[in-house]
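Report on the structure given below.
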């Protein structure tokens, strides 16, 4: 894993890996996970380099992607999508429980330790991509417990 550096290609689902020791693209078989890996912004590894998180850097993408890191090859194996959503509240006007709101458009992730990280969501409000009936949690900081 020494010398491997991971770069996301913002407009699609590619993660490029450069081996700076060999001065070439690494021969990793990074599986394409389709839309779950599109619009990612950076690959952020925990201190032990056993897990990696990537932020969903586009309007209304309300999750971060968790990867397990293969210890020998450095391959990223999709482990989980972690949604950034509220727990819900009682809406007195509708006389019902509302859990249709989320935070979106994350940019950077910082690990606190090997299991916990923080990110921030930057979307101010709904866009044309926001599903009908949903609300956006404005700029906020999120604790991620992997």
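The values are calculated or read from the model by the stated rules, or taken from the named source; none is laboratory data. Because the structure is a prediction, the values reported are computed rather than measured. Please note: Cβ atoms are built from the backbone with ideal geometry, for glycine as well, and neighbour counts cover all protein chains shown.
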Verdict on residue 120 being farther than 28 Å from residue 28 by Cα and outside any loop (DSSP other than H, G, I, E, B): yes
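Out of everything in segment 45-58 that is buried (at least 17 other Cβ atoms within 10 Å of the Cβ) and not in a strand (DSSP E or B), what residue ends up being modelled with the lowest pLDDT? Spell out the reasoning first.
Narrowing segment 45-58 to residues buried (at least 17 other Cβ atoms within 10 Å of the Cβ): 45-46, 51-58.
Still in the running and not in a strand (DSSP E or B): 46, 57-58.
Values: 46: 98, 57: 84, 58: 89.
Here the answer is 57.
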Residue 74 closer than 17 Å to residue 130 by Cβ and either in contact (Cβ under 8 Å) with a residue 24 or more places away in the chain or in contact with a helix residue (DSSP H, G or I) (Cβ under 9 Å, 6 or more places away or on another chain) (or both): no
What number of residues within segment 1-41 satisfy the criterion of being more than 14 Å from the chain's Cα centre (by Cα), at pLDDT below 70 and either part of a strand (DSSP E or B) or buried (at least 18 other Cβ atoms within 10 Å of the Cβ) (or both)? 1
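Answer yes or no: is there a residue in segment 76-89 that is assigned to a strand (DSSP E or B) and modelled with pLDDT under 85. Before you say what the answer is, go through the steps one by one.
Restricting attention to segment 76-89, the residues satisfying the condition of being assigned to a strand (DSSP E or B) are 76-83, 85, 89.
Next, from what is left, pick out any that are modelled with pLDDT under 85: 89.
Checking segment 76-89: at least one residue is assigned to a strand (DSSP E or B) and modelled with pLDDT under 85.
If you take the residues in segment 90-117 that are free of Cβ contacts under 8 Å to residues at least 40 places away in the same chain, touching a strand residue (DSSP E or B) at 6+ places or on another chain (Cβ under 7 Å) and part of a loop (DSSP other than H, G, I, E, B), which one is nearest to residue 45 (Cα to Cα)? Reasoning before the result, please.
At the first step, the residues of segment 90-117 found to be free of Cβ contacts under 8 Å to residues at least 40 places away in the same chain are 90-101, 112, 116.
With touching a strand residue (DSSP E or B) at 6+ places or on another chain (Cβ under 7 Å) added as a condition, the list becomes 90-91, 97-98, 100-101, 112, 116.
Pick out the ones that are also part of a loop (DSSP other than H, G, I, E, B) and you get 100, 112.
Details: 100: 31, 112: 11 Å.
Step by step, filter segment 90-117, then rank; the result is 112.
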